Amino acid sequence: MNKLFDEIESLATEQRNPASSTLDEMATSEILRLINSEDAKVAGAVRAEIPYIARVVDELVARFKNGGRLFYVGAGTSGRMGIIDAAECPPTFGTPRDLVQAIIAGGKEAVFQSQEGAEDKPENGAKEIALRGVKASDMVIGIAASKRTPFVLGALEKSYSIGAFTVLLTTNPRESISYPLLNETICPVVGPEVLMGSTRMKSALAQKMVLTMITTTAMVRLGKVYENMMVDLQLTNKKLEERAKRIIMIATGCEYDRAVELLKECGGSVKTAIVMQIGNCSKEEAVRLLAESDGFVKRAIGKLPEPG
């Protein structure tokens, strides 16, 4: 038999799910309940990987602090999961657009329409890493449900040779991975899909959960959150402007009009507005305290002089 056929046949993500063996005979509600019950297993699979995810986050935070960047690399659905997460970081956390980047096999066209065959060339993955100027200070997370996507492995191999920290996110078991050019693996094993081999289902859900956990936790550790509120958000639309005002009101107890005034005075910086209001201090003083506190609002507030 064909070597590739044998390789794919052995993948956990390509097995048949006994629970869905009569899928084509089920009623609509039965299919929906089955999909839902299978999706419910994903959170547990991700939870089992938290020790590995934590190591990746701690490494990422250290690299961000030293000027490093994060790159996601994937093909098809896996690539789109990376794009979704990378695209949300600037508006949510006020990050530069090049801090978290996503690379997908087939380029921009593959975001909206499948580019069959784009994932089959490892040299194209390596080329993308070179074009993005990946450095030793960066982290590269390859996303491949199957663990074997040539485009992804080519990108990881090139990144590893540069000295970047390489991670493989896959929904196949860790013990099945023999690829040596990795610093870490994250392997939520979600089991066979309801529709055999359709990794846009549970596998994609697990990938989305892990990527969101990585960037959200990293940003919390970088001081971009006060309590449980995003305080580095960019005011790029009316909804975010109103969210920013509400955050200031919740954090300080001020009224709406005062939140508007603070945002205007602070040039849209929610962090500065909060410290100004709570500390009854100038914008310049709030900026100074935040700089001394590595951007952490709570630390900056702790440096305020005692009232009276």
Exercise. Within the group Gly107, Gly94, Gly133, which residue is at pLDDT below 95 and closer than 20 Å to Gly67 by Cα?
Worked result: Gly94
Problem set entry | Scan of the range 194-211 for residues that are in a loop (DSSP other than H, G, I, E, B), closer than 17 Å to Ala75 by Cβ and in contact (Cβ under 8 Å) with a residue 24 or more places away in the chain, ordered by number | Gly197, Thr199, Arg200, Met201
Problem set entry | Condition met for Val111 (surrounded by 17 or more Cβ atoms within 10 Å (Cβ to Cβ), assigned by TED's automatic domain parsing to the domain that holds Asp58 and either outside any loop (DSSP other than H, G, I, E, B) or not charged (D, E, K, R) (or both)) | no
For this session: Output the qualifying pairs, or none if there are none: Cβ atoms under 6 angstrom, residues six or more apart or on different chains, first residue in the range 232-254 and surrounded by fewer than 19 Cβ atoms within 10 Å (Cβ to Cβ), second residue assigned to a loop (DSSP other than H, G, I, E, B).
Result: Gln234/Gly94; Leu240/Leu233; Glu241/Leu235
Exercise. Are any residues in the range 277-286 farther than 17 Å from Arg246 by Cβ and not basic (Lys, Arg), and if so, which ones?
Worked result: Gly279, Asn280, Cys281, Ser282, Glu284, Glu285, Ala286
Exercise. For the subset of the range 1-48 comprising residues that are over 22 Å from Ala206 (Cα atoms) and within 31 Å of the chain's Cα centre (by Cα), which member is surrounded by the fewest Cβ atoms within 10 Å (Cβ to Cβ)?
Worked result: Leu4
Exercise. Across the range 159-189, which residue is nearest to Ala45 (Cα to Cα) among those that are of a type in the set (Phe, Trp, Tyr) and in contact with a helix residue (DSSP H, G or I) (Cβ under 9 Å, 6 or more places away or on another chain)?
Worked result: Tyr179
Problem set entry | Subset of the range 283-308 (residues that are over 19 Å from Leu263 (Cβ atoms) and of a type in the set (A, V, I, L, M)) | Ala291, Leu304
Exercise. When only residues in the range 286-302 that are surrounded by 17 or more Cβ atoms within 10 Å (Cβ to Cβ) and not aliphatic (A, V, I, L, M) count, which is nearest to Tyr226 (Cα to Cα)?
Worked result: Phe296
Exercise. Could we say that Tyr72 is in contact with a strand residue (DSSP E or B) (Cβ under 7 Å, 6 or more places away or on another chain) and part of a strand (DSSP E or B) here?
Worked result: yes
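The values are calculated or read from the model by the stated rules, or taken from the named source; none is laboratory data. Not measured: the values here are computed from a predicted model. Please note: Cβ atoms are built from the backbone with ideal geometry, for glycine as well, and neighbour counts cover all protein chains shown.
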